[in-house]
Structure formats: structure tokens, C-alpha cells
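Have a look at the structure below, then the notes.
The values are calculated or read from the model by the stated rules, or taken from the named source; none is laboratory data. Note that the coordinates shown come from a computational prediction; the quantities given were computed from them, not determined experimentally. Cβ placement follows ideal geometry from the backbone for every residue including glycine, while neighbour counts extend to all protein chains displayed.
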Amino acid sequence: MASSGSSSEETQLIAAAQSGDLEAFNELARRHQDRLYHIAYRIMGDHDSAADAMQEALIAAFRGIRKFRGGSFGAWLTRIVTNACYDELRRRRRRPQSSLEALFVVDQSPEAEMTLPPVEGPEFYAERQELADLLHRAIQSLPEDQRVVLVLADIEGYSYEEIAEILRVPIGTVKSRLSRARMRARDFLLAHRELLPGRMRL
Amino acid sequence: MRFFPWKADEHRWVQDRLSLYLDGRLDPHEQARVEAHLRACATCARSWETLRWTVQALRALPPVRAPRPLVVRPEQVARAPQPAGWFRRAAWAMAAALILVLGLDLARSMGRAAPGPAAPAIEAPRSMRAASEGQVISPIPSPAPMFGLAVAAPTPTEAAPAAVEAPPSSAPLLPLPLLRALELLLLFGAIGLLALDRWRARRP
């Protein structure tokens with residue numbers, strides 16, 4: 001999914017970056033920036049932490065770019081960004097803050113009654129931001145390993161095989177983490193049904 | 001399903017596969033089994049619908065853009081090669097020191113081979129004990145007889161008793177075991193620093 005369009009140009013930029021051309025590297029980073037930033041933001045939960053993780057990731061990527069030997073450069077960068085996110089999360093755990101998310105305990109089973117909302121249509125887009133906020137909180141409520149897989153699969157659209165490659169875990173691990181992550185995110189939404197925009201009540 | 005209590009764990013089996021079913025990653029047999037269950041079980045069907053809704057909503061999340069362009073500034077990576085280079089430079093310095101010490105060692109053993117004023121007599125007593133120990137572990141052919149000459153030569157009357165008391169010294173500057181220890185230290189130090197340098201370079 002993350003393979004680049006203009007690959008011959010990208011190959012040239014990579015070669016230049018590998019010989020120490022920082023400008024070429026920054027051009028590469030610019031091309032992948034939005035996609036990578038979205039991953040970092042969904043994993044980290046806020047802009048400050050996401051920007052920190054991205055900065056660390058880009059520095060690590062430039063320093064290590066000589067070790068990139070073909071394949072998908074986007075996937076290689078994604079791997080470095082997810083690693084930087086793990087590092088940043090570990091660092092944050094060492095100086096913990098009072099977690100707002102701890103207040104939102106999932107206490108409801110999925111068997112609760114519900115009416116299914118339309119996912120398309122004008123109402124959906126009108127209430128998109130409210131829903132986006134709640135979804136973001138649902139993602140943040142997940143354990144790290146599950147959150148990372150969910151972000152790569154359902155936010156970024158990577159395949160199971162690509163995620164296994166990026167995270168260097170067996171494909172069975174990807175499947176089970178994703179399954180648990182989705183169930184858990186769903187349970188979070190059901191538990192906070194009252195926060196869903198009116199027409200979207202589950 | 002409540003009419004088939006022996007199939008109670010069918011719910012669990014299906015729940016565990018809903019995510020894969022959503023991605024079309026079940027084999028045809030498993031897929032048929034999931035679908036048959038979803039047609040028969042309202043609870044699991046509801047679970048399936050909410051799960052599908054959740055994933056659809058996640059996939060429709062609007063992209064979030066970086067608040068500012070993220071680039072690597074030169075000063076952020078200027079320090080990068082420095083530590084790696086430091087290890088390598090230290091390794092080369094150690095290797096150079098090793099060659100110097102080996103040269104001294106060689107020069108000394110050649111000095112032994114050609115007896116004469118190479119070894120000052122005054123130095124001898126101080127390093128005698130160490131030197132004699134060194135000769136035991138040293139692979140170099142023992143130069144003791146010749147050295148006895150060298151030590152005894154300048155002032156026979158004063159130096160001779162010392163030469164008799166203990167085996168003659170071999171070290172004008174450093175006692176032999178200390179020299180050997182220094183050589184080993186420099187050798188392993190250089191190898192270790194080079195290994196460290198490689199290790200640093202390999203890290204992302």
C-alpha cells in the first residue's frame with residue numbers, strides 16, 4: 001500500500017541520501033510525512049508526542065539510511081516510526097501522567113441493544129469530528145501492541161503480511177492482535193454509546 | 001444456539017474469527033461455518049455488525065496532518081558520526097601505540113642479542129625480580145647469559161653481586177611482564193574499540 005508512485009526518482013533520492021545528502025533525505029521525508037505523521041499521531045495520541053517521535057524517527061532514519069537495501073522505502077520508514085513510537089511511549093511510561101483514559105473503563109458487553117447507524121451520507125460527514133474524537137479515544141484505550149497493529153491495518157491500510165514485516169512479528173501475532181484490538185475498540189464505542197453523535201448511536 | 005448446548009463454544013470459535021472474516025482471510029470452509037452461525041445466532045450477528053461498523057468508521061477517519069514540516073536539520077545529525085569516529089580513532093591510536101611498544105620490545109631483545117651498553121647497570125636491580133618472572137612466561141628465547149654479561153660489563157665490581165643474587169634484568173625501561181601486559185592491553189583494546197565502532201555503525 002505504501003509503495004511510492006515515482007519510484008525511480010525516489011531511488012535517486014535514496015542514493016543521494018545514502019551518500020550523506022541531507023536535502024535529498026528531507027525531500028524523501030516530505031513525501032512520506034503526512035502518512036507517517038498520521039501513524040505517529042494515532043499511536044501516540046497527541047501532537048506533541050507524535051512530533052517528538054517523528055523527529056526521533058527521522059534522525060534515526062537518516063543515520064541508518066545506508067542500511068536500507070531496497071524493498072519498500074515507505075515500509076522501512078514506517079518501521080522506524082513505529083519503533084520511535086515504542087521508544088517514546090516507554091519514555092513517557094517512566095514519567096507517567098495521570099491518565100484521563102483510566103476514567104473510561106470498558107464495562108459493557110457487546111450484547112447491548114443497538115441500532116446501526118449509516119456510515120455514509122451527509123449526516124455522517126456533519127458529525128464526523130465528534131465521531132473522530134471518540135474513535136481516537138477508543139484507539140488510545142488499547143494496549144500498545146494492539147494499538148500499533150490496529151493503526152497500521154485500519155488507519156494505514158497495510159496488509160497482514162506488510163505489518164508482520166514492519167513489526168518483525170509472526171503473521172499469527174498480527175492476526176490475533178488485530179482481532180483483539182478491533183473487538184476492544186468496538187467495546188469502547190459501545191461503552192460510550194451516549195457520546196456518539198445522535199444519528200450514530202450503536 | 002441455545003437449543004444446541006453441545007455447540008456452545010461455537011460462539012467463541014466464530015467471535016475469534018470475525019476479524020479475519022472481515023478481511024476475507026478465512027478459507028472457504030471456515031467462512032461458510034462463520035456465515036452459517038451468523039445466520040443462526042442473533043447475538044453473534046449483532047457482534048459482527050458492530051465490529052464491522054467500528055472498522056468502517058476507523059477506516060474513514062480523516063487524515064491528520066503534521067502541524068509543521070518535519071525535517072532533519074544539519075545540526076541534529078552533525079554529531080552523529082562523531083562518536084562512531086571517536087571509537088575508530090581511539091582504536092587506531094591504540095594500534096599505533098601497540099606498534100611502538102612492539103618496536104621497543106624488538107629493539108630491546110636485539111639489544112640483548114648484541115651485548116654492550118644497551119642496558120644501563122643502574123636500572124638492573126630495580127627490575128630484576130619482575131624480569132626473571134617475565135622470562136618464565138616469555139616465548140622469547142632466554143637471553144639470560146648474554147644479559148648477565150651486559151649487566152656485569154660496565155662496572156664489574158659493583159654490579160656483579162647483583163647479577164649473582166638474581167637472574168639478570170632485561171628491562172631498561174619497563175619490566176618484561178608489564179610490557180607484555182601493555183602489549184596485550186593495547187591489542188585487545190584496539191580490537192574491542194573497532195568492534196564497538198562496528199556495533200555502533202550497525203545500529204539504526
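Determine which member of the set A:LEU77, A:LEU28, A:LEU36, A:LEU58 is surrounded by 19 or more Cβ atoms within 10 Å (Cβ to Cβ), in contact with a His (Cβ under 6 Å, 6 or more places away or on another chain) and part of a helix (DSSP H, G or I). Explain how you work it out, then say what you get.
On the way: A:LEU28 fails: in contact with a His (Cβ under 6 Å, 6 or more places away or on another chain); A:LEU36 fails: in contact with a His (Cβ under 6 Å, 6 or more places away or on another chain); A:LEU58 fails: in contact with a His (Cβ under 6 Å, 6 or more places away or on another chain).
Matching residue, one of A:LEU77, A:LEU28, A:LEU36, A:LEU58: A:LEU77.
Scan A:ARG182, A:ARG193 and give me the residue that is within 8 Å of chain B (Cβ to nearest Cβ) and either within 17 Å of B:ALA57 (Cα to Cα) or touching a residue at least 24 places away in the same chain (Cβ under 8 Å) (or both).
Values: A:ARG193 fails: within 8 Å of chain B (Cβ to nearest Cβ).
After applying the criteria, what remains is A:ARG182.
With the checklist (1) at pLDDT 75 or above; (2) at negative phi; (3) facing another protein chain (nearest Cβ under 9 Å) in hand, flag the one item A:MET114 doesn't pass. Answer for A:MET114: the failing condition is (1). For the range A:41-66, filtering for residues that are at the interface with chain B (Cβ under 9 Å from one of its Cβ atoms) and in contact (Cβ under 8 Å) with a residue 40 or more places away in the chain leaves 3.
Surrounded by fewer than 23 Cβ atoms within 10 Å (Cβ to Cβ), part of a loop (DSSP other than H, G, I, E, B), within 12 Å of another protein chain (Cβ to nearest Cβ) and not polar (S, T, N, Q): is that true of A:LEU142 in this structure? Yes; evaluated as a whole, the condition is true for this residue.
Just so you know, in the range B:47-76 the residues that are at the interface with chain A (Cβ under 7 Å from one of its Cβ atoms) and farther than 30 Å from A:LEU77 by Cβ include one that is surrounded by the fewest Cβ atoms within 10 Å (Cβ to Cβ), and it is B:GLU49. When B:TRP13 is tested against the conditions (1) assigned to a loop (DSSP other than H, G, I, E, B); (2) more than 11 Å from every other protein chain (Cβ to nearest Cβ), the lone failure is (1).
The residues listed here are A:ARG182, A:ARG201; of these, the one that is at pLDDT below 95 and over 22 Å from A:ASP34 (Cα atoms) is A:ARG201.
Restricting attention to the range A:147-184, the residues that are crowded, with 21+ Cβ neighbours inside 10 Å and of a type in the set (S, T, N, Q) total 1.
Of all residues in the range B:23-80, those being over 30 Å from A:TYR41 (Cβ atoms) and part of a helix (DSSP H, G or I) number 18.
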